[in-house]
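Everything below concerns the one structure shown next.
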Amino acid sequence: MFPQSLLLTVVFVLVSAVIGQNFLGLGLALLMRRAHRGVAAVVGVCVVAAWVLPEIVAAFVAYAFFFRDGTLNQLTGFAGLPAVDWLFEHPMLAIILANIWRGTAFSMMVYQAALNDVPSEVTEAAEIDGASGAKSLVFVTVPMIRRSIATNLMLITLQTLAVFTLIYVMTAGGPTNRSTTLPIMAYEEAFRYSDIGYGTAIAVVMLIIGAAFSLAYIRLLRERNPS
Amino acid sequence: MTAPVPGTTTASAVASPGGSRGASRGTRRGSRRGSPSWGASVVLALIALCFVVPLSWLLLASFDAEATYETALPASFSLTNFTAILTPEQTFVPLWNSLILSGGSAALTVIAAVLAAYPLSRFNTRFNRPFLYTVLFGTCLPITAIMVPVYSLFVQLNLLDSLAATTFFMAATSLPMAIWMTKNFMDSVPVSLEEAAWVDGASAMKALWHIVVPLMRPGLGVVFIFVFIQAWGNFFVPFILLFSLENQPAAVSIFRFFGQFGTVAYGQLAAFSILYALPVILLYILVSRVFGGSFAMSGALKG
């Protein structure tokens, strides 16, 4: 039970925060600089809307979206696909997508701010030297916003590690513990089965995971630094 | 670890009140490259659509008297959901409790954060760095991890189901972030003004309340609203610490639309969600319009 929960937590953090929110946020921020100003502004509002909502409301909205008779199945129904009970058949996928939906705005705003601080002369110089868009992104822009990337990764990792409400409302850890991440498990053990000691032990493990992730990001920051 | 660089971004974000959101700052430093492309706009619009579609259920269901979890245009536009929930026990008491919790903890946090940030910002002692790193660590602490021990603490102190105690606890949890932000805002207030006050015989506390605090009012506004929004949306803490109906804030009382009779009042749930979410949406708009954008926040995060 506990090893599975640990694994699910790591998967949840890696896929929904480190990969999902981080890359989608960076992608959105980059696209917004190339898109028309009006479009970028409207898109910003749309993405931030999910983030501004209180977490319990966002959780209900996500629940309604993935529910058996919910919006997602209506949409796949239009495309002629069979209805899938997302919350029961693919609970992890549902909560990961929901967390990406809710949290991406934060990464997007951090990266918008970071990209605005990159002087345009630098990327222009790279282009004159013949670097393609992708190359100047990887070798010029990304190293220049390295600090923001590390800070952002740390914050969204720790936030995602602590996500309780979203999962509790959407699946409550079920079916049969297939989406029981550590916060849910700590809650169940401590408050449903009144085993405060065991719940606290799980909480300590969560803190250790958070510290491990943070240390990894600090390393990342140091190694790339020209000493 | 990102070293505490004095909040340059924070300063510039606050120094330009009325400055519009992010995009306009781009004209100063990294401008957009070339002409806008239609490809990027279309891709962006498609992504935005994915973000909005789930939200459409909330809006449509709240105006639909026969709402379900399906997204559908209401057969007839009706306000019955709103009129049904506008009763003291359904809406007003929970919202009032939310207001006490969030307003109380935001006020407490701001006062404590100003007092804590002042020496950190003005005096260089060798405790500053360790202290700030500890604060940063506190900011990052997952709240779900500390709730179990806090629950046992509240049981021992006999403070369960007390609004005041929960307010204090929520103030404590938001304090690290608030100290961090307040210190960054305070760093941008020039020290020379206080020196003038000291020469004129003002004590440190006098200088703080009469010179520094008035000068950093916009920054404190951001901190207050930031804490308020967080507390308003907080579900887990009141869910654990408060259980009687008359003490529950809106975040917890929302569960009343489930169960009891086995049915879910979808329309009322959606209508209540909207009423509950409205204040934070308005506050967020206020921050981004008046104080110069989410960058006041992300700038403070950079620290």
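The values are calculated or read from the model by the stated rules, or taken from the named source; none is laboratory data. In this text the structure is predicted, and so the values were computed from the model without any measurement. All Cβ positions, even for glycine, are placed from backbone atoms using ideal geometry, and neighbour counts span all protein chains on display.
For the reader, a short list of remarks on this structure follows.
- Scan of the stretch A:185-204 for residues that are within 24 Å of the chain's Cα centre (by Cα) and facing chain B (nearest Cβ under 9 Å), ordered by number: A:ALA186, A:TYR187, A:ILE202, A:ALA203, A:VAL204
- Residues that are within 14 Å of chain A (Cβ to nearest Cβ) and either under 18 Å from the mean Cα position of the chain (by Cα) or of a type in the set (Phe, Trp, Tyr) (or both) within the stretch B:129-143 comprise B:TYR133, B:LEU136, B:PHE137, B:GLY138, B:THR139, B:CYS140, B:LEU141, B:PRO142, B:ILE143, listed in sequence order.
- Residues of the stretch B:49-72 that turn out to be more than 12 Å from chain A (Cβ to nearest Cβ) and in a loop (DSSP other than H, G, I, E, B), as a count: 3
- Check on A:THR151, under 21 Å from A:ILE19 (Cα atoms) and under 13 Å from the mean Cα position of the chain (by Cα): no
- Scan of the stretch B:42-62 for residues that are small (Gly, Ala, Ser), crowded, with 20+ Cβ neighbours inside 10 Å and at pLDDT below 90, ordered by number: B:ALA61, B:SER62
- Long-range neighbours under 8 Å by Cβ, at least six apart or interchain, first residue under 14 Å from A:ALA190 (Cα atoms) within the stretch B:145-164, second at pLDDT below 90 and loosely packed, with under 15 Cβ neighbours inside 10 Å: B:ALA145/A:VAL204
- Condition met for A:ALA58 (in contact (Cβ under 8 Å) with a residue 24 or more places away in the chain and surrounded by 24 or more Cβ atoms within 10 Å (Cβ to Cβ)): yes
- Those helices (runs of 4 or more DSSP H) of the stretch B:146-251 in which 3 or more residues are away from every other protein chain (no Cβ under 14 Å) and closer than 28 Å to A:PHE106 by Cα occupy B:163-187, B:217-233.
- Residue match in the stretch B:87-108 (condition: surrounded by fewer than 17 Cβ atoms within 10 Å (Cβ to Cβ), within 14 Å of another protein chain (Cβ to nearest Cβ) and not in a loop (DSSP other than H, G, I, E, B)): yes
- Selection status of A:LEU93, more than 10 Å from chain B (Cβ to nearest Cβ), part of a helix (DSSP H, G or I) and modelled with pLDDT of 85 or more: yes
- Residue that is surrounded by the most Cβ atoms within 10 Å (Cβ to Cβ), among those in the stretch A:168-211 that are outside any helix (DSSP H, G or I) and of a type in the set (Ser, Thr, Tyr): A:THR181
- Any hit, the stretch B:256-263, residues being in a helix (DSSP H, G or I), out of contact with any Leu (no Cβ under 7 Å at 6 or more places or on another chain) and modelled with pLDDT under 80: yes
- Subset tally (residues that are surrounded by fewer than 19 Cβ atoms within 10 Å (Cβ to Cβ) and among the β-branched types (Val, Ile, Thr)) for the stretch A:15-51: 5
- Some residue of the stretch A:131-139 being at pLDDT below 90 and within 10 Å of chain B (Cβ to nearest Cβ): yes
- Residue among A:GLY38, A:GLY25, A:GLY44, A:GLY77 that is in contact (Cβ under 8 Å) with a residue 24 or more places away in the chain, within 12 Å of chain B (Cβ to nearest Cβ) and over 15 Å from the mean Cα position of the chain (by Cα): A:GLY44
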